[in-house]
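*Asks:* The structure follows.
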Amino acid sequence: MGRGAAETVTSVDRTGGRRTQAERTAAMRTRLLRATIECLVTYGYAGTTTPRIADLAGVTRGAQVHHFRSKEDLVVAAVEYLAQQRIQVAIRQNSGVWNDGDPVAAVLQFLWDSHQGDMFVATIELWVAARTDDVLAREVARVEPMVNSTLITALAQLLPDHAARKQVRNALFTAMDALRGILVVGFVDRDVTQARKRWERASVHLSTILSEALASNGSD
C-alpha cells in the first residue's frame, strides 16, 4: 500500500479550485481507510490500532476520532472500502485483452491475478478477525457477495453463453475456494513460489472440472 495514505490533503484541488467541505471530508476518510489497510497488511488485525492508523495517515488522533470514533468503526468502514477497491481491480483487469486461446487457462490465471497484492492480504486479516467479532462478521458477510458477483461477471466475458449455467458457476466458485485456501496456507510458509506451485497443481484438476462443466449439455 505504501506511504501514499499519508499524502498531504489541502483545500485546493489539482485544477486550482477550492474543494468543498464534503470533498475534504471524503479525502480525509479515504486517507484513514488507506492507512487502516496499510496497518492490516503490515501489522495484522491485532496490531492495527487507532494511534498507529492516525500516525500512518499523518493526521492527529483528534482528526481520526472526528471521522471514526473507534477501531471498530474504522475497520467496519475499511471492509466496505476494501470490497469496493477489489471490485475496481477486477473491473480494470477485465478491461484488458482476453486474447488467450484457452479460455479455461485464462479463467484460472485471472483468478490468481485477482487474489494478489495488499488488498487481498488485508481482506484475509479481516476474514480471520471476523471469526470472533460478530459486527465484523456481519459486514464481511454483507460485502463479500458483491465482490464475488463482480468476479463472476468478469469471468463471464471469458465464457460467453456458459457462465450463467449453474454447473459452470459451481466450477468457478470451487476454483475460487481452492485458491483462497492455497493462499492462506501460503501465509504460513511465507513462500509465494510454493503457493504458485500448489495453484498450478490444483489447476490441473480444476481445468478438468471446468472443461467438463463447459462441455456439459445439461440444463442447469
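*Asks:* Report the residue count in the stretch 164-195 for those that are without any contact (Cβ under 8 Å) to a residue 24 or more places away in the chain and on the phi < 0 side of the Ramachandran plot. Quick ask: steps written out before the conclusion?
*Replies:* Within the stretch 164-195, the first condition is being without any contact (Cβ under 8 Å) to a residue 24 or more places away in the chain, and the residues that meet it are 164, 169, 177, 181-182, 185-186, 188-195.
Next cut, on the phi < 0 side of the Ramachandran plot only: 164, 169, 177, 181-182, 185-186, 188-189, 191-195.
Result for the stretch 164-195: 14.
*Asks:* When you scan the stretch 103-118, do you find a residue that is closer than 20 Å to Thr50 by Cα and outside any loop (DSSP other than H, G, I, E, B), even just one?
*Replies:* Yes, the stretch 103-118 contains at least one residue that is closer than 20 Å to Thr50 by Cα and outside any loop (DSSP other than H, G, I, E, B).
*Asks:* Which residues, counting only those in the stretch 77-101, are modelled with pLDDT under 85 and either assigned to a loop (DSSP other than H, G, I, E, B) or over 21 Å from Ala154 (Cα atoms) (or both)?
*Replies:* Answer for the stretch 77-101, where residues must be modelled with pLDDT under 85 and either assigned to a loop (DSSP other than H, G, I, E, B) or over 21 Å from Ala154 (Cα atoms) (or both): Val79, Ser95, Gly96, Val97, Trp98, Asn99, Asp100, Gly101.
*Asks:* Restricting to the stretch 179-220, name every residue that is of a type in the set (Gly, Ala, Ser) and either outside any helix (DSSP H, G or I) or in contact with a Ser or Thr (Cβ under 8 Å, 6 or more places away or on another chain) (or both). Spell out how you get there, then give the answer.
*Replies:* Taking the stretch 179-220 and keeping what is of a type in the set (Gly, Ala, Ser), we get 181, 186, 195, 202-203, 207, 211, 213, 215-216, 218-219.
Scanning the stretch 179-220 gives Ser216, Gly218, Ser219.
*Asks:* Related question: Suppose the filter is at pLDDT 90 or above, open to solvent by 50 Å² or more (accessible area, probe 1.4 Å) and among the acidic types (Asp, Glu); does Asp55 pass it?
*Replies:* So Asp55 passes the test.
*Asks:* Does Asp177 qualify as being open to solvent by 60 Å² or more (accessible area, probe 1.4 Å), at pLDDT below 90 and not hydrophobic (A, V, I, L, M, F, W, C)?
*Replies:* It is false that Asp177 is open to solvent by 60 Å² or more (accessible area, probe 1.4 Å), at pLDDT below 90 and not hydrophobic (A, V, I, L, M, F, W, C).
*Asks:* Could you pull out the residue among Arg190, Arg198, Arg169 that is of a type outside the set (Gly, Ala, Ser) and modelled with pLDDT of 95 or more?
*Replies:* Arg198
*Asks:* Scan the stretch 121-142 for residues that are closer than 17 Å to Asp177 by Cα and open to solvent by less than 30 Å² (accessible area, probe 1.4 Å) and report the count.
*Replies:* Count: 4.
*Asks:* Go through the stretch 18-52 and give me each residue that's in a loop (DSSP other than H, G, I, E, B) and open to solvent by 20 Å² or more (accessible area, probe 1.4 Å).
*Replies:* Arg19, Thr20, Tyr45, Ala46, Thr49, listed by residue number.
The values are calculated or read from the model by the stated rules, or taken from the named source; none is laboratory data. Please read all numbers here as calculations on a predicted model, not as lab measurements. Neighbour counts are summed over all protein chains in view; Cβ atoms, including those assigned to glycine, are modelled from backbone coordinates with ideal geometry. Accessible surface areas use protein heavy atoms only, side chains included; no ligands, DNA or RNA. Shrake-Rupley method; radii C 1.70, N 1.55, O 1.52, S 1.80 Å.
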